[in-house]
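Novice: Below is a structure I'd like to ask you about.
The values are calculated or read from the model by the stated rules, or taken from the named source; none is laboratory data. This structure is a prediction, so every number in the text was calculated from the model and none was measured. For neighbour counting, all protein chains shown are included, and Cβ atoms are generated from backbone atoms with ideal geometry for every residue, glycine included. In case anyone asks, the SASA skips ligands and DNA or RNA and just uses the protein heavy atoms, side chains included. Shrake-Rupley method; radii C 1.70, N 1.55, O 1.52, S 1.80 Å.
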Amino acid sequence: MRSGATFDVLVVGSGAAGLAAAVSAERGGALVGLATKTTLQACNSAKAQGGIQAAFGEDDSPEIHAQDVMRSSHDTANPRLVGVLTSEAPSAIHWLEELGVEFTRSNGGYRLARCGGATRHRLLQVGDRTGHAITKALRESYEAGGGVELPHHALRALAPEDGGWTASFETKEGPVDIETTTVVLAAGGRCFAEAETLGELSTNHPNATGEVTRIALHAGAEARDLDALQYHPNGGAWPTTMQGYSIPETTRAYGAVLRNADGEEFTDSLGARDAVSAAIVAEVEKGKGVLTPDGRPAVWLDTTRIAPEDAEISLPYMLRRYRAGGIDPLAEPILTYPVLHYQNGGLVIDPNAETTLEGVYACGEIAGGTHGRNRMMGNSLLECCVFGRRAGRAAAERARA
Ligand SMILES: Cc1cc2nc3c(=O)[nH]c(=O)nc-3n(C[C@H](O)[C@H](O)[C@H](O)COP(=O)(O)OP(=O)(O)OC[C@H]3O[C@@H](n4cnc5c(N)ncnc54)[C@H](O)[C@@H]3O)c2cc1C
């Protein structure tokens with residue numbers, strides 16, 4: 001076993017949460033290591049298209065945002081975490097702008113869409129590559145600082161050691177132990193692995209396999225709602241190149257509606273995610289679904305109702321992908337069915353993102369409580385930034401104390 005470097009703060013995972021934590025810890029004066037399973041670019045966060053929520057509308061407020069989160073979670077979310085999430089959302093957006101993210105604007109302000117479960121227009125977007133823009137800005141900011149990058153470091157174990165932690169990794173050169181005063185776990189969820197086990201499609205990156213949650217549980221951390229997995233209502237069902245693709249929920253925000261085999265609207269297309277997914281599955285079970293050419297269940301998403309100018313500004317990537325597959329969503333409806341997407345639950349954290357283990361922090365999809373058992377779209381990227389920033393700051397402060 002080789003012995004690696006020693007850090008004040010060791011961040012595990014290079015999605016939006018890990019990058020936000022690493023940038024924030026580095027700015028807090030800590031010696032930071034950023035370890036990740038493969039490349040720094042590989043993560044779910046970069047695949048996020050739809051957007052990020054923050055209450056900027058004149059008729060909106062962090063309190064209304066919080067009410068929407070609590071209602072969508074069926075009152076299972078932790079209100080303290082929700083309060084932090086929604087009250088710090090506007091400042092998280094300004095922080096991302098300082099780092100170089102350019103949110104789409106119209107009429108002198110942000111272009112805000114209304115997403116499923118929301119009572120206000122609150123979703124900021126960067127076209128339909130929001131996650132890519134956010135991770136790129138965070139990564140470039142980290143790379144410009146003094147932090148150390150540790151690609152191809154897959155965490156295998158975590159153990160307490162002399163008032164800090166020893167993290168054991170598998171690397172291309174063999175096993176390595178790294179000592180650190182504090183750890184930030186930001187290794188995302190497990191929906192890629194879960195879908196493989198179930199023989200289903202998933203929207204997730206192949207690195208979303210969940211072993212870091214198991215490592216934390218083995219080290220004694222507590223978790224909640226781990227059984228609550230979320231289906232994205234609109235997985236692509238046809239053509240085959242779009243199977244497992246998450247059709248941005250902004251299609252529905254900009255007017256697309258769900259229709260059954262008879263062309264009837266059968267649900268509120270802007271309902272909460274679990275309600276919309278359940279309605280699609282129920283419609284198919286009633287025999288009112290449509291079969292894809294390769295025999296998969298589906299319903300129609302009538303994207304022809306989206307105004308072409310909205311699509312050009314907010315859905316260019318989706319349009320390009322479908323058109324490359326021979327279907328123009330503005331000229332014909334597309335086939336969709338729910339697809340495994342997100343781990344709602346995770347490690348128990350406090351408002352500073354500290355887990356039940358001293359000196360171990362968790363942020364992003366690996367953490368639980370902020371969304372309860374049912375997340376609203378656009379709140380995951382937000383959670384990554386708000387709690388990633390908090391985790392990095394708190395981990396640096398503790399390490400330097
Ligand atoms: C297709 C898609 C579209 C989405 N759209 C939106 C959206 O529009 N808005 C929104 O808010 N959310 C969206 N989401 C959800 C959101 O993007 C993710 O939940 C969120 O970005 C997770 O961020 P994260 O940093 O916690 O994890 P990830 O981005 O998944 O990053 C996890 C990191 O941990 C690393 N890792 C994993 N295991 C190990 C290990 N053993 N050792 C070391 N490193 C490890 C991975 O390689 C990766 O770098 C979408 C998700 C997907 C998949």
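Novice: Suppose R0 equals 51 Å. What FRET efficiency, 1/(1 + (r/R0)^6) with r the Cβ-Cβ distance, do ALA282 and GLU143 give to the nearest 0.05?
Specialist: With a Förster radius of 51 Å, E is 0.60.
Novice: Using DSSP, restrict attention to beta bridges with both residues in the chain and report what percent are antiparallel, rounded to the nearest 5. Write out the running numbers ahead of the final one.
Specialist: Numbers: 38 of 59 bridges.
Of the beta bridges lying entirely in the chain, close to 65 percent run antiparallel.
Novice: How would you classify the stretch 285-351 from its alpha-carbon gyration tensor, with a ≥ b ≥ c the square roots of the eigenvalues: rounded for a/c under 1.5, else prolate if a/b is greater than b/c, otherwise oblate? Let's see the in-between values first.
Specialist: On the way: a/c = 2.46, a/b = 1.30, b/c = 1.89.
It comes out oblate by the Cα gyration axes.
Novice: Suppose only helical runs count, i.e. DSSP H with n ≥ 4. What mean residue ellipticity at 222 nm does that imply for the chain under -39500 (n - 2.57) per run, divided by all residues and rounded to the nearest 500 deg cm²/dmol?
Specialist: Working: 12 runs with 128 residues, N = 401.
Calculated at 222 nm, the ellipticity per residue is -9500 deg cm²/dmol.
Novice: At a Förster radius of 30 Å, what calculated FRET efficiency corresponds to the Cβ-Cβ distance of ARG71 and GLU312, to the nearest 0.05?
Specialist: On the way: r = 33 Å, r/R0 = 1.10.
The formula returns an efficiency of 0.35 here.
Novice: Hey, another quick one. Before anything else, pin down the relative contact order of the chain: Cα pairs under 8 Å, at least 6 apart, normalised by residue count, whole percent. Write out the running numbers ahead of the final one.
Specialist: On the way: 1003 pairs, mean separation 107.9, N = 401.
The normalised contact order for the chain reaches 27 percent.
Novice: With all protein chains present, how much of the accessible area of the stretch 128-281 (probe radius 1.4 Å) comes from carbon and sulfur, to the nearest whole percent?
Specialist: On the way: 2970 of 5970 Å².
Solvent-exposed carbon and sulfur of the stretch 128-281 make up 50 percent of the total.
Novice: Return, for the Cα atoms of the stretch 235-313, the radius of gyration and Dmax in Å, separated by a comma.
Specialist: Over the stretch 235-313's Cα set, Rg and Dmax evaluate to 12.4, 37 Å.
Novice: What accessible area per residue, rounded to a whole number of Å², is obtained for the chain using a probe radius of 1.4 Å? Mind showing how you got there, number by number?
Specialist: On the way: 14990 Å² over 401 residues.
I get 37 Å² per residue for the chain.
Novice: Relative to the longest principal axis of the C-alpha atoms of the chain, give the angle of the C-alpha long axis of helix 16-27, reported between 0 and 90° and rounded to the nearest 10°.
Specialist: 40 degrees
Novice: So how exposed is THR209, as accessible area in Å² (1.4 Å probe, rounded to 10)?
Specialist: So the heavy atoms of THR209 present about 40 Å² to solvent.
Novice: Using Cα atoms only, what is the angle between the long axis of helix 379-400 and the major principal axis of the chain, expressed in degrees (0 to 90) to the nearest 10?
Specialist: So the helix axis and the longest Cα principal axis differ by about 10 degrees.
Novice: Using only Cα atoms, locate the centre of the stretch 181-243 and the centre of the stretch 272-347, then give the distance between them in Å, rounded to an integer.
Specialist: After rounding, the separation between the Cα centres reads 21 Å.
Novice: While we're here: Pairwise over distinct Cα atoms, reciprocal of the mean inverse distance: report the Kirkwood radius of the chain in Å, one decimal place.
Specialist: Working: mean 1/r = 0.0472 Å⁻¹.
For the chain, inverting the mean 1/r across all distinct Cα pairs yields 21.2 Å.
Novice: Quick check: the angle from helix 62-72's long axis to the longest principal axis of the chain, C-alpha only, nearest 10 degrees?
Specialist: 70 degrees
Novice: OK, next. Before anything else, pin down the relative contact order of the stretch 87-239: Cα pairs under 8 Å, at least 6 apart, normalised by residue count, whole percent. Before the final figure, lay out the partial values.
Specialist: Working: 147 pairs, mean separation 18.2, N = 153.
Relative contact order of the stretch 87-239: 12 percent.
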